[in-house]
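These notes are about the structure you will find just below.
The values are calculated or read from the model by the stated rules, or taken from the named source; none is laboratory data. Keep in mind the model is a prediction, meaning the values are calculated, not measured. Note: ideal-geometry Cβ built from the backbone for every residue, glycine included; neighbour counts use all protein chains shown. For accessibility, only protein heavy atoms count, side chains too; no ligands or nucleic acids. Shrake-Rupley method; radii C 1.70, N 1.55, O 1.52, S 1.80 Å.
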Amino acid sequence: MRNRFCVPHFFIIFAVIMNLSEENISLLRRLLEDERKHNVVIVSHTNPDGDALGSSLALRAMFVRCGHTARCIVPNKYPYFLDELCGIGEIITFKTREEEALKVVAEADVVVCADINTLSRLEQLSSAIREKESATRILVDHHPSPDNDFDIVFSHPESSSTAFLVYKIIETIFGTSFFDREVAEQLYVGMMTDTGNFSFSALTPELYRAVAVLAETGIDIPAIYNKVYNSFTEGRARLFGYVINRKMRSLRKGTVAYMTLTEEEMRRFWFRQGDSEGFVNYPLTIKKMKMSAIFIESTDYIRISFRSRGDVDVDTFARRYFNGGGHRNAAGGKSFIPMAETVSRFLQAVEEFAQEGGFRTPRLKSNENS
């Protein structure tokens, strides 16, 4: 008997607004309807956030409701404040369940990359995924400059989050009746966290219409917010105060800020995965600040997060200087040299970037001033 959630006979295209490819929608629809049931693995990036987890779990629901087997894998542990996300128990963490994860990958004939534009961001998991050359590969992501080796591609940097992109894909194929409270919560958490609780860019009317549809399922939006943003530890609160008071440095007349965190400092404040979430955003609350960076030490490398506002392109900055990338106003990178050398390189990069006009505010045209 056909699953009632599987692809309906009618097919209303809402893809115009998101410019979803009709060809790729058709390919995905055909895969979902395939009578030969597939083993699907959905993977996302290292240090998974709310968008990575929410979009992955919603994609899993889409395949499972059409009769396929689907599992979600992330390279390492997600932040503890996402422990209560609906369906989080379905996430396999490669770092702690490597044997199980490799078995799931080995059995998969469909690989979906969610909220990730290149397999290199899977780190140790990437080699196992690359070996699945015979599998159908699907990309669902909102980062620029994706890899080319995918069979079905939904790459939309204009989307505020991958969760919103997943919403539009599901809405296009199934209609809004697909969304129950569990999937709605997963997608809402993805949209909320990747937009800074709906305060960043790409906040379109279509996004708010999607939120309205999710809200109509009965999800408790204040409770979701509290679980994600008001569930930190005392150690995290004290660490935040220490970082802002003792570790934040500014340069270029207070328009650029950076912070550093060593492993020893994190141990001092009982650091847990996710405790530094949002620290990099705080300097941008200063009126004239244009760019912020945080450098977090780990065993293998220094993880770097960049944030900016306006036309300061930290995606370009991260790609050029720190083996990274992301979005215009939010990006990340890595450094494999000691902290002092990394900071020195950052200071030099900022000056070079400034000389090229990277921090220049574009002049308004005369008619924009009228």
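Annotations for the structure displayed:
- Scanning region 103-149 for residues that are farther than 27 Å from Asn329 by Cβ and in a loop (DSSP other than H, G, I, E, B) returns Ala108, Asp109, Glu131, Lys132, Glu133, Ser134, Ala135, Asp149.
- Failed criterion for Arg303 (all others in (1) open to solvent by 20 Å² or more (accessible area, probe 1.4 Å); (2) part of a loop (DSSP other than H, G, I, E, B); (3) in contact (Cβ under 8 Å) with a residue 60 or more places away in the chain hold): (2)
- Region 39-77 - residue that is touching a strand residue (DSSP E or B) at 6+ places or on another chain (Cβ under 7 Å) and in a loop (DSSP other than H, G, I, E, B) and, of those, nearest to Arg130 (Cα to Cα): Ser44
- Of the residues Gly50, Gly54, Gly89, the single one that is within 30 Å of Thr195 (Cβ to Cβ) and open to solvent by 10 Å² or more (accessible area, probe 1.4 Å) is Gly89.
- Against the numbered list (1) of a type in the set (A, V, I, L, M, F, W, C); (2) within 24 Å of Gly274 (Cβ to Cβ); (3) touching a helix residue (DSSP H, G or I) at 6+ places or on another chain (Cβ under 8 Å), Ala237 comes up short only at (3).
Listed here are the residues, each with its yes/no results for (1) within 28 Å of Tyr80 (Cβ to Cβ); (2) in contact (Cβ under 8 Å) with a residue 24 or more places away in the chain; (3) touching a helix residue (DSSP H, G or I) at 6+ places or on another chain (Cβ under 9 Å); (4) not acidic (Asp, Glu).
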site	(1), (2), (3), (4)
Met266	yes, yes, yes, yes
Phe269	yes, yes, yes, yes
Ile294	yes, yes, yes, yes
Asp315	no, yes, no, no
Gly324	yes, no, yes, yes
Asn329	yes, yes, yes, yes
Gly332	yes, yes, yes, yes
Thr342	yes, yes, no, yes
Phe353	no, yes, yes, yes
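- Taking region 188-204 as the range and being among the small types (Gly, Ala, Ser) and either in contact with a Cys (Cβ under 6 Å, 6 or more places away or on another chain) or open to solvent by 60 Å² or more (accessible area, probe 1.4 Å) (or both) as the test, the residues that pass are Ser199, Ser201.
- Within the option set Asn245, Asn230, being without any contact (Cβ under 8 Å) to a residue 12 or more places away in the chain and under 30 Å from Glu352 (Cβ atoms) holds for one residue only, Asn245.
- Residue list for region 253-282, filter: open to solvent by less than 20 Å² (accessible area, probe 1.4 Å) and not polar (S, T, N, Q): Gly254, Val256, Ala257, Met259, Leu261, Glu265, Met266, Gly274, Asp275, Phe279, Val280
- In region 111-130, the residues that are over 14 Å from His142 (Cα atoms) and open to solvent by less than 10 Å² (accessible area, probe 1.4 Å) form Cβ pairs under 9 Å with partners that are part of a loop (DSSP other than H, G, I, E, B) and β-branched (Val, Ile, Thr), at six or more places apart or across chains, as follows: Leu122/Thr46; Leu122/Ile116; Leu125/Thr46.
- One residue alone among Ile73, Ile12 is in contact with a Ser or Thr (Cβ under 9 Å, 6 or more places away or on another chain) and at pLDDT below 90, and that residue is Ile12.
- The condition (being modelled with pLDDT of 95 or more, surrounded by fewer than 15 Cβ atoms within 10 Å (Cβ to Cβ) and not aromatic (Phe, Trp, Tyr)) is satisfied by just one residue among Ser344, Ser292, Ser335, Ser298: Ser344.
- For region 177-187, residues that are in contact (Cβ under 8 Å) with a residue 40 or more places away in the chain, open to solvent by 10 Å² or more (accessible area, probe 1.4 Å) and either in contact with a helix residue (DSSP H, G or I) (Cβ under 6 Å, 6 or more places away or on another chain) or of a type in the set (Asp, Glu) (or both) total 2.
- Flag for Thr136 being of a type in the set (S, T, N, Q) and closer than 20 Å to Asp34 by Cα: yes
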